[in-house]
Structures are given as structure tokens and as C-alpha cells.
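Structure, as C-alpha cells:
The values are calculated or read from the model by the stated rules, or taken from the named source; none is laboratory data. Since this is a predicted model, take the numbers as computed values, not measurements. All Cβ positions, glycine included, derive from the backbone under ideal geometry; neighbour counts span all protein chains shown. Ligands, DNA and RNA are excluded from the accessible area calculation, which covers all protein heavy atoms including side chains. Shrake-Rupley method; radii C 1.70, N 1.55, O 1.52, S 1.80 Å.
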Amino acid sequence: MVIVAGHIVVKPDERERYLADRVTVVEQARRAPGCLDFSIAADLIDPGRINIFERWDSQEAVTTFRSGGPSEEQGAAMLAASVSEYDVADVRSLT
């Protein structure tokens, strides 16, 4: 399993538009083979921060979905980013 987690920073007055423009990406990701979860969400405290969380069944699934990284428009809107991939060896359910 692969987890992609972190955050990006955009101008606070552009965050809602940025998120609205990503609805299709979330829908596509959640339908993609190997996607277990995918979320892009506004941070509750920082008005310019957008939290990223993805869970995939394999690195191949992540790579296939990504295939090119952020678009030029998406990259231009980001002021900063801190997103990492984690290879998960074991999982324990908390429910």
C-alpha cells in the first residue's frame, strides 16, 4: 500500500476556487484502479492550506494515475508544497 500525504499552500482568496477546480480530479482518482481513498480538503485553521491524502493499493496504481504531475495552472497556483509518498508494510484497523 502507498499513502500520499501532505499539504499545499495557495493564496487564501484563491483556495475555494482551487478546490472547486479539483472536484473532477478527485472523482477520477476515486474511480481509478487501485485507488483506496483520495481527498483534497481545506485546512480548518490555515486559510491558505490545502491538505492532501491519498491511499493506493500499489506504487504502480499511483504512477499510472499521476502520469504527469500537476498541470501548469495547478502548479502556478501553488505557493508551496510538502507532499510525500509512504510505502506501508503493515496495517492495523482501529475500528
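Arrange the peptides 25-33, 47-55, 81-89 so that the one whose residues have, on average, the most other Cβ atoms within 10 Å appears first.
Numbers: 25-33: 13.3, 47-55: 17.9, 81-89: 10.7.
The densest-packed peptide leads the list: 47-55, 25-33, 81-89.
Between Met1 and Glu85, what is the label-point separation in nm under the 7 Å Cα-to-beta-carbon projection?
The modelled label-to-label distance comes out at 1.7 nm.
Placing unit charges on C-beta atoms (Lys and Arg positive, Asp and Glu negative, everything else neutral), compute the dipole magnitude of the stretch 1-44 about its Cα centre in debye, rounded to 20. Spell out each step's value before the answer.
Numbers: 6 positive and 7 negative charges, 27 e Å.
It works out to roughly 120 debye.
State whether the stretch 7-95 is rounded, prolate or oblate according to the following rule on the C-alpha gyration tensor (a ≥ b ≥ c being the square roots of its eigenvalues): a/c under 1.5 gives rounded; otherwise a/b larger than b/c gives prolate, and the remaining case gives oblate. Intermediate results must be reported in sequence, preceding the final value.
On the way: a/c = 1.96, a/b = 1.49, b/c = 1.32.
Here the stretch 7-95 falls in the prolate category.
Can you give the convex hull volume of the alpha carbon atoms of the stretch 1-44 per residue, in Å³? Please list the in-between numbers first.
Working: hull volume 3.3 nm³, N = 44.
Each residue corresponds to 75 Å³ of Cα convex hull volume.
For a quick check: with amide H placed at 1.01 Å from N, whose amide H comes under 5 Å from His7's, ignoring anything fewer than 5 positions away on the same chain?
Amide H neighbours of His7, under 5 Å, 5+ apart: Ile52, Ser82, Val83.
In debye to the nearest 20, how big a dipole does the chain give about its Cα centre with +1 on each Lys and Arg Cβ and -1 on each Asp and Glu Cβ? Walk me through the numbers before you get to the answer.
Working: 10 positive and 16 negative charges, 27 e Å.
The dipole of the chain has a size of about 140 debye.
Could you give each residue of the stretch 2-13 its phi-based ³J(HN,Hα) in whole Hz, using Karplus coefficients 6.51, -1.76, 1.60 with θ = phi - 60°, and x for Gly or Pro?
Computed from phi, the couplings for the stretch 2-13 are 10, 10, 10, 8, x, 8, 10, 10, 10, 4, x, 6 Hz.
Working with all protein chains in place, sort Asp46, Asp13 by solvent-accessible area computed with a 1.4 Å probe, largest first. Write out the running numbers ahead of the final one.
Working: Asp46 70, Asp13 135 Å².
Ranking Asp46, Asp13 by accessible area, largest first, yields Asp13, Asp46.
Express the accessible area of the chain per residue in Å², computed with a 1.4 Å probe while the remaining protein chains stay in the model.
On the way: 6370 Å² over 95 residues.
Spelled out: the 1.4 Å probe surface of the chain, per residue, equals 67 Å².
For the pair Ala41 and Phe53, how long in nm is the line joining their label points, each one 7 Å along Cα→Cβ?
Rounded to a tenth, the inter-label distance reads 0.5 nm.
Which of Leu79, Leu44, Leu36 moves most in a GNM of the chain, Cα contacts under 10 Å?
Judging by the Gaussian network model, the answer is Leu44.
Based on the Cβ-Cβ distance of Ser67 and Arg31, what FRET efficiency does E = 1/(1 + (r/R0)^6) give at R0 = 22 Å, to the nearest 0.05?
Details: r = 15 Å, r/R0 = 0.68.
Rounded to the nearest 0.05, the efficiency is 0.90.
Which residues' amide hydrogens lie under 5 Å from the amide hydrogen of Leu36, considering only partners 5 or more residues apart or on another chain, with H built in the peptide plane?
Those lying under 5 Å, H to H, from Leu36 are Arg55, Trp56, Asp57.
Among Thr64, Ser93, Gly34, whose Cα sits farthest toward the positive end of the charge dipole of the chain (+1 at Cβ of Lys/Arg, -1 at Cβ of Asp/Glu, about the Cα centre)?
Going by the charge dipole, the pick is Ser93.
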